[in-house]
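Engineer: Got a structure for you, questions after.
A short reminder: the numbers here are calculations on the coordinates, not readings from a lab. All figures in this text were calculated on a predicted structure; none of them were measured in a lab. In this analysis, Cβ positions are derived from the backbone assuming ideal geometry, glycine residues included, and neighbour counts consider all displayed protein chains.
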Amino acid sequence: MKIESLDLPDDVIRFYLDSGIEELYPPQAEAIEKGLIEGNNLLAAIPTASGKTLLAELAMLKAISKGGKALYIVPLRALASEKFDRFRSFSSVSVKPGENRGLRVGISTGDFESRDEWLGSNDIIVATSEKTDSLLRNETSWMQEITTIVVDEVHLLDSANRGPTLEVTLTKLMKLNPNCQIIALSATVGNAYEVADWLKAKLVLSEWRPTSLREGVYYGGNINFHGSQKLIDPRTNDDAVNILLDTLEEGGQCLVFESSRKNSVSFAKRAGAKVSETLDKLTRNALDELVEQIIENGETEAANELAKCVRNGTAFHHAGLNSAHRRIVEDGFRSNKIKVISSTPTLAAGLNLPARRVIIRSYRRYDPNYGMQPIPVLDYKQMAGRAGRPHLDPYGESVLIAKSYDEMAGLFDNYIDSDAEDIWSKLGSENALRTHILSTIVNGFATTRDGLLEFIEATFFAHQNDTWGIMDVVDECLDFLRDNKMLEGDEALLPTALGRLVSTLYIDPLSGAYMVDGLKKIKNPTTIGLLHLICKTPDMRQLYLRSNESEIINDIVMAHSDEFVEIPPRSKEMEYEWFLAEVKTALLLQDWVDEKPLDPITEKFNVGEGDVHAFADIAEWLMHSMSRLAGLIAPEMSTDVSNQTALLEKRIHYGASPELIELVSIRGIGRVRARKLYDNGIKTTDSIKEAGLERVSELIGPKTALKLFNEIGLHLDIRSEEPGKVNSQTMSSLMENEQSTFSDFEK
Ligand SMILES: Nc1ncnc2c1ncn2[C@@H]1O[C@H](COP(=O)(O)OP(=O)(O)OP(=O)(O)O)[C@@H](O)[C@H]1O
Ligand SMILES: [Mg+2]
């Protein structure tokens, strides 16, 4: 089927022809035949790299040409940026009725409690499922204008962490805009028909892939494929290194998946020594530029470690990297400067990367309850599917590694020749339901218990299970919400002001309950006490307590015993251990706001630089929430802690002491440079101007000083503009800003 034959505006057809896409892939043609462009709901459960995004694009562009607006929901930030970059190329496509302009695209991945009304001026909005949920909770007006919803990687419904939010968000969207077209994109899973049925969507199922992907297992010196073998030169005593050197020799690049961050770092280092020998002068120079950027964008030893690898043409990638480093690594690989990335599964889903070969070094992953466990087939297929992407590589190969013949046979049976598992709703637990029941009531999707049941009937959970089993859990959640004064009424369900606030703050009602209780009880609010209060909530990520740390942390607790809201008795061993782990997390945050350099923090707490940022991001959001809750319940509190929580929120954002807040609020001035200026008597924006460019240059370098002076002017510009009128440059800087506020959801 030719693109030209489709019922689409000329501008759209021209856009695709200009970019070299003339003919639809077979599954795409099937989707057209099933009414994609006429507005039918559609679920495409087709292999990796089979062009699912194009399906979404065609439907979105058609809808926009009829005056519609599209929302593209993704699970991960890396994917959000990739799609945002892609859709921005539609800025040359002008299809909006009555308007002579290219399409506008917006992205939203962070900052939960915000309506983001300005986002609504875009034709396509890319957002994570959590952000979409939050926009719904905040009753953002343009959500009702959405006519096309794309759900990328919809098989994530199966994820225990993320699935329930995606499921409830979709249920709400379908209720809110019953005529909206839904396009769901999925990996090939066993029960795609069930998801399609739930979404009232036509199903496109296919095994077709545009580029061939050969899946093999390395054993005994060969990569063994079905029906053929590829001999690998044993240049080193590391099989994976030999396989990747072979890939480079053939002119390809390599993506290596590891089971842990530590392994991903050590592999990149190890491989670097060999990869470096294969680099030409031009690549070396290009890599040196990347190295400079890496050093500029990092405070810790990890930056040096990454820089060392990149100098050799390799890199590691995991959620512990800061976002600038992640971007440099992804772009460096895309532009064929970095030859090898060894990654945790953060790069496994949806991304288009030029990987000729994917090496899966470990098909087991650590599970806190069961130890090392084999990964699901679905995860294997996602990783393997990063290889051989159209336009980037002529073919792709994925390689598992076996140590024995039997293991190799098992890998063929259990992965290569296996179909992905069925997906199952994870909405059934109290932990998953509590927060969604509250928001469903707050946003008026249900006003009575019966109405709530009707809402639940519309979820994927109810589609797969009998709902009688869930009723007890629903009633327990309702009781919890009533007991904690977030809800009133029996048959008619009425949210209280507290319930509304908890819902829009996007915190678990259990977190809200802990905070309210703590705020009422706290007598001597100090930094560690308040930080511990947020670390106690289920929304906070917890540090693991090692056995040799109990006594040290216990001593700290004793020294500050009157600052904690409540200390469980030592006799309750488990509870006390848990409490100590919360305090440990609070101590990490305290080091951060006390301006301890990142290096000692990462070493002391055995975490990555990106982790410190991730902890701080969550903590900032929770401290903000606590500050808002304190405002609401002020009369019931014995001490006024509002000012303290508001200041702590800022300190967490910048990782800085109170006296630096004014300086660090200037964009581009981090806490390290701010400290340098402050200690040299330059303590405010005015004193920067007074000191003059020369003096400031002496302290923080001429390049940054120049940026800083520009920034002081630019800052004023941003504030003076109305949100609706921001120009694109300002818009993108705002978005950069926003993206860095919640660096969360990496798997
Ligand atoms: N009809 C077509 N002709 C040529 N190239 C195409 C066509 N359709 C899609 N492509 C290209 O195929 C590549 C892969 O597509 P895409 O990222 O949409 O895959 P996907 O199915 O979403 O895979 P994954 O499951 O890994 O997310 C893109 O570079 C896209 O431009
Ligand atoms: Mg995709």
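Engineer: Given the Cα-Cα distance of Asp18 and Ala559 and 0.36 nm per residue of separation, how much length would full extension add, in nm? Could the numbers behind the result be given before it?
Structural biologist: Numbers: separation 541, 0.36 × 541 = 194.76 nm, distance 6.95 nm.
Result for the pair: 187.8 nm of gain on full extension.
Engineer: Loop only per DSSP, at most 16 neighbouring Cβ atoms within 10 Å: give me the GluC sites (Glu not before Pro) in segment 535-624, ordered by residue number.
Structural biologist: On the way: sites: Glu549, Glu551, Glu563, Glu566, Glu573, Glu575, Glu577, Glu582, Glu595, Glu603, Glu609, Glu620; in loops: Glu566, Glu595.
Hits after loop and neighbour filter: Glu566, Glu595.
Engineer: Turning to a different aspect of this structure: What residues qualify as long-range amide H neighbours of Val151, i.e. H under 5 Å apart, gap of 5 or more or another chain, H built at 1.01 Å from N?
Structural biologist: Distant-sequence amide H within range of Val151: Ile73, Ile183, Ala184, Leu185.
Engineer: As a footprinting exposure proxy, order Arg570, Arg270, Arg356 by other Cβ within 10 Å, with the fewest listed first. Don't jump to the answer; show the numbers that get you there.
Structural biologist: Numbers: Arg570 11, Arg270 17, Arg356 21.
Least crowded to most crowded, the residues run Arg570, Arg270, Arg356.
Engineer: With both bridge residues required to lie in the chain, what share of the DSSP beta bridges run antiparallel, to the nearest 5%?
Structural biologist: On the way: 15 of 63 bridges.
Of all bridge pairs located within the chain, approximately 25 percent are antiparallel.
Engineer: Now a separate question. With the cut-off at 24 Å, tell me which of the pairs Lys131/Lys596; Lys337/Lys707; Lys485/Lys520 have Cα atoms farther apart than that.
Structural biologist: Values: Lys131/Lys596 32 Å; Lys337/Lys707 29 Å; Lys485/Lys520 14 Å.
Those over the limit are Lys131/Lys596; Lys337/Lys707.
Engineer: For segment 601-627 and segment 185-255, what is the separation of their C-alpha centers, rounded to whole Å?
Structural biologist: Centre-to-centre (Cα) distance: 36 Å.
Engineer: Still on this structure, please answer the following. In terms of Cα to Cα distance under 23 Å, which lysines are near enough to Lys34, apart from those fewer than 8 places away along the same chain?
Structural biologist: Result set, ordered by chain and number: Lys2, Lys52, Lys62, Lys66, Lys69, Lys200, Lys202.
Engineer: Let me ask something additional. Which of the lysines could a cross-linker span from Lys403 if the Cα-Cα distance has to be under 19 Å and same-chain partners fewer than 8 positions apart are dropped?
Structural biologist: Straight-distance partners of Lys403: Lys230.
Engineer: Students often forget the sequence filter, so: which lysines lie under 19 Å Cα-Cα from Lys572 once same-chain residues fewer than 8 apart are removed?
Structural biologist: Partners found: Lys536, Lys584.
Engineer: Taking the Cα atoms of segment 213-416, report the difference between the largest and smallest coordinate on each principal axis, in whole Å and largest first.
Structural biologist: 48, 41, 33
Engineer: Let me ask something else. For a label point 7 angstrom out from the Cα of Ser550 toward its Cβ, which stretches of segment 560-574 have the backbone nitrogen within less than 12 Å?
Structural biologist: 570-574
Engineer: Quick one: if you stick a label point 7 Å off each Cα along the C-beta vector at Asn304 and Leu231, how many nm between them?
Structural biologist: Reported label-point gap for Asn304 and Leu231 is 4.4 nm.
Engineer: Give me the three principal axis extents of the chain from the C-alpha atoms, as integers in angstrom, largest value leading.
Structural biologist: Ordered largest first, the chain gives principal extents of 74, 63, 61 Å.
Engineer: With a/c under 1.5 counting as rounded, go ahead and sort segment 28-128 into rounded, prolate or oblate using the C-alpha gyration tensor (a ≥ b ≥ c being the square roots of the eigenvalues; past the cut-off, prolate if a/b is larger than b/c, else oblate). Mind dumping the intermediate values first?
Structural biologist: Values: a/c = 1.84, a/b = 1.18, b/c = 1.56.
Because a/c hits 1.5 or more and a/b fails to exceed b/c, segment 28-128 counts as oblate.
Engineer: Please compute the length gained on full extension between Glu296 and Lys572, using 0.36 nm multiplied by the number of residues separating them and subtracting their Cα-Cα distance.
Structural biologist: Extra length from Glu296 to Lys572 when fully extended: 94.6 nm.
Engineer: Could I ask something else about it? Mind giving me the FRET efficiency for Lys683 and Ala324? R0 is 35 Å, r the Cβ-Cβ distance, nearest 0.05 is fine. It would help to have the intermediate numbers written out before the result.
Structural biologist: Values: r = 28 Å, r/R0 = 0.79.
Efficiency, rounded to the nearest 0.05: 0.80.
Engineer: Right, another one. log₁₀ I(q)/I(0) of segment 509-654 at q = 0.16, 0.20 Å⁻¹, via Debye over equal Cα point scatterers, no solvent, to two decimals?
Structural biologist: -0.82, -1.28
Engineer: Just subtract the alpha-carbon distance of Asp288 and Lys604 from 0.36 nm times their residue separation and send over the number in nm, one decimal. Kindly include the intermediate steps, with their values, before the conclusion.
Structural biologist: Details: separation 316, 0.36 × 316 = 113.76 nm, distance 3.09 nm.
Between Asp288 and Lys604, full extension yields 110.7 nm more.
Engineer: Here is a follow-up. Quick one: which residues, 5 or more positions from Arg365 or on another chain, have an amide H under 5 Å from its amide H? H modelled 1.01 Å from N in the peptide plane, none for Pro or chain starts.
Structural biologist: Under 5 Å from the amide H of Arg365 lie the amide H atoms of Gln373, Ile375, each far enough along the sequence or on another chain.
Engineer: Compute the relative contact order of segment 213-416 as a whole-number percentage, counting only Cα pairs closer than 8 Å that sit 6 or more residues apart in sequence.
Structural biologist: Details: 376 pairs, mean separation 56.7, N = 204.
After rounding, I find 28 percent.
Engineer: Measuring from centroid to centroid over Cα atoms, what is the spacing of segment 505-526 and segment 10-64 in Å?
Structural biologist: A separation of 49 Å, based on Cα centres.
Engineer: In addition: Using a Förster distance of 22 angstrom, determine the FRET efficiency expected from the C-beta separation of Asn414 and Asp238, and round it to 0.05. Walk me through the numbers on the way to the answer.
Structural biologist: Numbers: r = 25 Å, r/R0 = 1.12.
It comes out at approximately 0.35.
Engineer: Given a cut-off of under 8 Å on Cα pairs at least six residues apart, what relative contact order in percent is computed for the chain? The partial results should precede the final answer.
Structural biologist: Numbers: 1270 pairs, mean separation 87.7, N = 747.
Reported as a whole number, the value is 12 percent.
Engineer: What is the distance, in nm, between label points placed 7 Å from the Cα along the Cα-to-Cβ direction at Lys2 and at Asp280?
Structural biologist: Modelled inter-label distance: 4.0 nm.
Engineer: On to the next question. Using the Cα atoms of segment 3-205, I'd like the radius of gyration and the largest Cα-Cα distance, Dmax, both in angstrom.
Structural biologist: Values for segment 3-205 (Cα only, Rg and Dmax): 15.8, 45 Å.
Engineer: I would also like to ask the following. So, in nm, how far is label Glu636 from label Glu595 when the simple model puts each one 7 Å beyond its Cα toward the Cβ?
Structural biologist: It is 3.8 nm.
Engineer: OK, next. How high is the relative contact order of segment 72-175, in percent, counting Cα pairs under 8 Å that sit 6 or more residues apart?
Structural biologist: Working: 142 pairs, mean separation 29.4, N = 104.
Relative CO of segment 72-175 lands at 28 percent.
Engineer: Using helices alone, I'd like the mean residue ellipticity at 222 nm for the chain: each DSSP H run of four-plus residues gives -39500 (n - 2.57), total over residue count, nearest 500.
Structural biologist: Values: 31 runs with 363 residues, N = 747.
Rounded to the nearest 500, it is -15000 deg cm²/dmol.
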